[in-house]
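Please treat every number below as a calculation from the coordinates, not as lab data. All figures in this text were calculated on a predicted structure; none of them were measured in a lab. Ideal geometry is used to build each Cβ from the backbone, glycine not excepted, and the neighbour counts take in all protein chains shown.
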Amino acid sequence: MINSKYQVCFIGNAIVDIISKITDEKLDELKIPKGSMQLVDEKSSNKILNYIKNQTIISGGSAANTAVGFSSFGGSCSFMGQTGDDDFGILFSKDLNSSGVFYENKIAQVSGKTSKSIVLVTPDAERSMNTYLGASTQFNIDCINEDLIINSKIIYIEGYLFDQSDAKKAIYHCCKLAKANNCRIALSLSDSFCVDRHREGLCDLINKYVDIIFANETEIQSLYQSNLQESLKKIREVVEIGAITLGSKGSIVFQNQVKNLVPAIIVNDPVDTTGAGDIFASGFLFGLINKYSIEDCGKLGSKVASDIIKYIGARPKISFKTFLN
């Protein structure tokens, strides 16, 4: 693995993020629950797009956000996901590659448009996400570039992929290939509702394959249907390395018998919390790849997470190499 071309291969939903500021009143007019993360159909997606103004459009998706953050540190990485054969798909590919993340879309018999997540940000920095899962739901074994896995040190899997049966099969295929080639497997639980839907399947994947876990407090408690301390005990019995984010309380990071509470870095006037967990994971992974102590991995994740919430979107405004000094 010393000659690996890419340090990490990220696997997730290929989604274009369309971000717009909005007032609470207009959010009510659209009948969108504040702070929600809901799936919408194409008609509802178009309705919201026609309503909002001054959008910021970038490549998105949880794993893609983490990949761009990792690249910003100077890490080498790739991404696997599925877009549609449309303008948004072209935008996703160009944006990701220009961010230093290798991405080559495999468009084969794809129906549906590129997936979109319309993120509406209210003045208190709360975000309401409305996601149209178009072509990304067609991710399957045929979309996998096995060389990207074989030539990586870590594969990073987005939990949202478990919502599609073909994607779930592809994930197991990737994990088997990774294990056969001495490549470690990281999993992000993504969302507590996703965990609720796929608790048994996620536990099976974790018990069989996962070496590194990322979750927030709600997600890990949902996985084990227990309190935080008991959930931490259970995950540490089966996974070697992990980071559990606790919002304003910081994060708990662990490796084997070492466990640390990493304090949060307070930001007085956050602008947008979109992708803070994704960016935390990018810092943690970069530290891990470069043999930082587990506590320093958590500290690096906290630094960049506290930076990303100061502005709209989940893309670095400055090189994350700045935080390595």
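What the table below lists for this structure:
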read-out: Exposure proxy ranking, count of Cβ atoms within 10 Å, fewest first, for Met37, Met129, Met80; value: Met37, Met129, Met80
read-out: Neighbourhood charge, 11 Å Cβ-Cβ cut-off, centred on Ala64 and excluding it, Lys, Arg +1 and Asp, Glu -1; value: -3
read-out: Segment 84-177, relative contact order in percent, only Cα pairs under 8 angstrom and at least six apart counted; value: 23
read-out: Order of Asp278, Asp269 - criterion: other Cβ atoms within 10 Å of each residue's Cβ, fewest first; value: Asp269, Asp278
read-out: Cα-Cα pairs of the chain separated by more than 29 Å (percent); value: 32
read-out: Convex hull volume of segment 51-142 per residue (C-alpha atoms, cubic angstrom); value: 116
read-out: Span-rule helices in the chain, defined as complete DSSP H runs reaching 15 Å or more along the axis (Cα) with Kyte mean at least 1.0; value: 276-289
read-out: Relative contact order computed over segment 9-91 (Cα-Cα under 8 Å; 6+ residues apart), in percent; value: 54
read-out: Largest to smallest principal axis extent of the C-alpha atoms in segment 100-194, angstrom; value: 48, 31, 29
read-out: Convex hull (Cα only) mean projected area of segment 17-67, reported in nm² to one decimal; value: 4.1
read-out: Which of Ser136, Ser306 has the fewest Cβ neighbours within 10 Å, and the rest in rising order; value: Ser306, Ser136
read-out: Loop-exposed GluC sites (Glu not before Pro) per DSSP, neighbour cap 14 Cβ within 10 angstrom, longest uninterrupted part of the chain; value: 105-239
read-out: Neighbourhood net charge (15 Å Cβ-Cβ; Lys/Arg +1, Asp/Glu -1) for Ser20; value: +1
read-out: Approximate spin-label separation Asn145-Asn181, in nm, with each point projected 7 Å along Cα-to-Cβ; value: 1.2
read-out: Full-stretch length increase - Ser293, Leu39 - with 0.36 nm per residue and alpha-carbon distance subtracted; value: 87.6 nm
read-out: Rel. contact order, % - alpha carbon contacts under 8 angstrom, at least six apart, the chain; value: 18
read-out: Those lysines that a straight Cα-Cα span of less than 17 Å connects to Lys321, excepting residues fewer than 8 apart in one chain; value: Lys291, Lys299, Lys303
read-out: Distance cut-off 16 Å, percentage of C-alpha pairs in segment 194-325 lying past it; value: 62
read-out: The chain - share of DSSP beta bridges that are antiparallel (%, nearest 5); value: 40
read-out: Radius 15 Å from Cβ of Lys43, net charge of other residues (Lys, Arg +1; Asp, Glu -1); value: +2
